[in-house]
1. Six or more apart or on different chains, Cβ atoms under 7 Å: show the pairs whose first residue is in segment 120-146 and more than 25 Å from His246 (Cα to Cα) and whose second is outside any loop (DSSP other than H, G, I, E, B).
2. Residue by residue through segment 195-246, note down the ones that are within 12 Å of ligand 1 (Cβ to nearest atom), of a type in the set (A, V, I, L, M) and in a helix (DSSP H, G or I).
3. Go through segment 71-102 and give me each residue that's within 12 Å of Ala172 (Cβ to Cβ), away from ligand 2 (no atom under 15 Å from the Cβ) and among the hydrophobic types (A, V, I, L, M, F, W, C).
4. Does any residue of segment 333-342 turn out to be closer than 29 Å to Cys238 by Cα and assigned to a strand (DSSP E or B)?
5. Which residues, taken from segment 143-184, are open to solvent by less than 40 Å² (accessible area, probe 1.4 Å), of a type in the set (Gly, Ala, Ser) and within 18 Å of Ile97 (Cβ to Cβ)?
6. Residues in segment 102-123: is at least one touching a Cys at 6+ places or on another chain (Cβ under 9 Å) and within 11 Å of ligand 1 (Cβ to nearest atom)?
7. Please list, ordered by residue number, the strands (runs of 3 or more DSSP E) wholly in segment 1-117 having 1 or more residues that are open to solvent by 10 Å² or more (accessible area, probe 1.4 Å) and closer than 22 Å to Ser239 by Cα.
8. Please find, within segment 221-244, the residue that is nearest to Asn188 (Cα to Cα) out of those that are open to solvent by less than 20 Å² (accessible area, probe 1.4 Å) and acidic (Asp, Glu).
Amino acid sequence: MKTILVTGGAGFIGSNFIRFIFNKHPDYKIINIDALTYAGNLENLKDIPDNPNYIFIKADIRDRVKINEIFSSYNIDNVVNFAAESHVDRSIVEPEIFLTTNVLGTQVMLDTAKKYWNVNPCDKYSKEYKPEVKFLQVSTDEVYGALGLKGMFVETTSLMPNSPYSASKASADMIVRAYYKTFGMPINITRCSNNYGPYQFPEKLIPLMINNCLKNKDLPVYGDGMQIRDWLYVYDHCSAIDSVLHKGLIGEVYNIGGNNEKTNMDIVKLIVKTIGKSQSLIKYVKDRPGHDRRYAIDNAKITTQLGWRPQYTFEQGIKETIKWYLNNTQWIENIASGNYNKYYNKMYSNVCVDIKDIE
Ligand code: NAD
Ligand code: DAU
């Protein structure tokens, strides 16, 4: 029995993680704190049954007073820090909140955890912590920057982030590492590749394309569409975090990925074909500034050292994902009835070029 403080648990991966933990460890207690930004949605958790082991608290990870209050009210064993501004395109338009949430918010979480977990919190030399405590920082492969046609990211690849989003995540990784090195804080950092699956906000490639297909809207492909991402079904990311939480060696970084490299154009064409729409919906649009060309994760460390393996092939995962969006159109409609359309019109006001004029 553990008490896990999950931050950002009303978002895409956090909500899937809470579901995963309750299935795998039904006796665990989860405290979910989330600021409910545009990306946080309590509907993502509506199937979590009323349960004394599940507590939701609306809180901002930057709010030191509130975070302190939460740590003083519950006996927290682990923190899994998902809370973040997560969308690269938004970070290009509005970078500042990425720094305050992703960097300063992470530091507030670390600092408060240290205060409650260190056996002698007033002694700056103390590296003694309560047994079994751990702070797990959920990071991303984007901190490594972009790859050329060859090679893969390993845990020792230099951090070379290219967007304000990835720079903020790399900065958070650095402060987490500093708490380990300076204060002996028990931490792990995970760096996962692109996730897809149920409950992903339709600003990200896969749900955006599914949603647009369903509405017969243009499918905006940035640049030449030949950028490569390494896709992992969200369930497999959750199971990898669970492995690191329980078996990860203190202070270590673990890459997470399932060897699934695809070009963006391949993904979009697959979605169009699966839903049965016309390829003429696909439009090339102006490229994302600073667009990373290719990501690829070498998962040898987590597979050999922790025995983790992805369970879903891409074919299974994408089928499940499309099926979920087709069966949950109301979920998307509820999002669309908020500020989503305004966001979409602002972001996608570039001139579209028809795919047949390019291919
Ligand atoms: P998301 O945008 O769907 O969810 C983020 C959640 O954090 C939302 O519920 C939001 O309300 C909450 N949040 C934002 N700011 C907050 C704050 N100041 N205080 C408290 N809560 C706040 O993101 P996601 O895709 O689920 O990503 C979760 C984490 O995983 C992020 O840290 C992201 O960097 C990382 N990650 C994502 C991917 C991916 O492909 N989506 C891959 C690797 C790593
Ligand atoms: O690699 C992990 C990262 O993956 C996570 O850290 C981020 O939180 C997550 O958002 C994701 O970042 P990407 O920028 O790779 O994901 P996104 O879905 O925004 O874009 C995937 C690719 O598709 C990218 O090359 C840009 C392209 N794209 C995206 C959108 C939204 C398009 O061509 N058109 C679009 O409309």
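The values are calculated or read from the model by the stated rules, or taken from the named source; none is laboratory data. All values reported here derive from a predicted model rather than from experimental measurement. Cβ placement follows ideal geometry from the backbone for every residue including glycine, while neighbour counts extend to all protein chains displayed. SASA here: full protein model, heavy atoms, side chains in, ligands and nucleic acids out. Shrake-Rupley method; radii C 1.70, N 1.55, O 1.52, S 1.80 Å.
1. Tyr144/Phe153; Ala146/Arg294
2. Leu205, Ile206, Val234, Ala240, Ile241 - these are the residues of segment 195-246 that are within 12 Å of ligand 1 (Cβ to nearest atom), of a type in the set (A, V, I, L, M) and in a helix (DSSP H, G or I).
3. Answer for segment 71-102, where residues must be within 12 Å of Ala172 (Cβ to Cβ), away from ligand 2 (no atom under 15 Å from the Cβ) and among the hydrophobic types (A, V, I, L, M, F, W, C): just Leu99.
4. No, there is no match, as no residue in segment 333-342 is closer than 29 Å to Cys238 by Cα and assigned to a strand (DSSP E or B).
5. Result: Ser163, Ser166, Ala167, Ser168, Ala170, Ala172.
6. no
7. Correct list: 3-7, 29-34, 54-58.
8. Per the criteria, the residue is Asp242.
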